[in-house]
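The values are calculated or read from the model by the stated rules, or taken from the named source; none is laboratory data. The structure presented is a predicted model; accordingly, all values stated were derived computationally and were not measured. Methodologically, a virtual Cβ is constructed for each residue, glycine included, from the backbone with ideal geometry; neighbour enumeration extends over all protein chains shown. Just so you know, the surface numbers come from the protein's heavy atoms only, side chains and all, with ligands and any DNA or RNA stripped out. Shrake-Rupley method; radii C 1.70, N 1.55, O 1.52, S 1.80 Å.
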Amino acid sequence: MYTVGVRDFIMIAHSLPGEVFGPAQQLHGATYTVSAELSREELNDSGIILDLAVLRRELRAVLAELDYHNLDEHRAFQGKRSTTELIARYVHRELGRRLSIHSGATLTITLDESPVAWARYAAPLPAGAPDSVRG
């Protein structure tokens, strides 16, 4: 299996209602390192999974919608908790919509909360054209 990946980061504000979240119930800031990885058994005709510059650019475009925002007010999280797991799934779905790649690719999104804690969401991408971006 071949895997390529890129990283970026976001700074957000949010609150997590519910006793299980302790002090995180209050509005607080968080900085996440966000990793996006594409895995595929076969390479395309160019000998790659996807151009890394494309993956990096599209990840930044998705993260720009979250960066320096209060997720309690973001359309995707209104009335919902913005846990690290759910943010990872949101980034996966939004980035997956922007990338178009041969079938058989799996996109994995990892959000690192700290050097010792992270959450990850991985799922296959729908089939599409190789090395392209959806407009």
Can you pull out the residues in region 46-60 that are within 15 Å of residue 105 (Cα to Cα), outside any helix (DSSP H, G or I) and either among the hydroxyl-bearing types (Ser, Thr, Tyr) or open to solvent by 70 Å² or more (accessible area, probe 1.4 Å) (or both)?
51
Has region 81-94 got any residue that is assigned to a loop (DSSP other than H, G, I, E, B), open to solvent by less than 60 Å² (accessible area, probe 1.4 Å) and modelled with pLDDT of 95 or more?
yes
Between a first residue in region 23-41 that is surrounded by 18 or more Cβ atoms within 10 Å (Cβ to Cβ) and a second residue that is part of a strand (DSSP E or B) and basic (Lys, Arg), which pairs have beta carbons less than 6 Å apart while being 6 or more apart in sequence or on different chains?
35/7
Picking from 53, 61, the residue that is hydrophobic (A, V, I, L, M, F, W, C), free of Cβ contacts under 8 Å to residues at least 12 places away in the same chain and under 26 Å from residue 125 (Cα atoms) would be 53
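Residue-wise test of (1) more than 19 Å from residue 43 (Cα to Cα); (2) among the aliphatic types (A, V, I, L, M); (3) surrounded by 13 or more Cβ atoms within 10 Å (Cβ to Cβ); (4) at pLDDT 95 or above.
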{"residue": "96", "(1), (2), (3), (4)": "no, no, yes, no"}
{"residue": "100", "(1), (2), (3), (4)": "no, no, yes, no"}
{"residue": "109", "(1), (2), (3), (4)": "yes, yes, yes, yes"}
{"residue": "117", "(1), (2), (3), (4)": "yes, yes, no, yes"}
{"residue": "125", "(1), (2), (3), (4)": "no, yes, yes, no"}
Under the condition of being assigned to a strand (DSSP E or B) and more than 27 Å from residue 74 (Cβ to Cβ), which residue from region 1-22 is least open to solvent (accessible area, probe 1.4 Å)?
4
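So which residues in region 64-86 are touching a residue at least 60 places away in the same chain (Cβ under 8 Å) and among the hydrophobic types (A, V, I, L, M, F, W, C)?
Passing the criteria: only 77.
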Consider residue 5 carefully, then state whether it is free of Cβ contacts under 8 Å to residues at least 40 places away in the same chain and touching a strand residue (DSSP E or B) at 6+ places or on another chain (Cβ under 7 Å).
no
Among residues of region 103-112 being in contact with a Lys or Arg (Cβ under 7 Å, 6 or more places away or on another chain) and assigned to a loop (DSSP other than H, G, I, E, B), the residue nearest to residue 11 (Cα to Cα) is 105
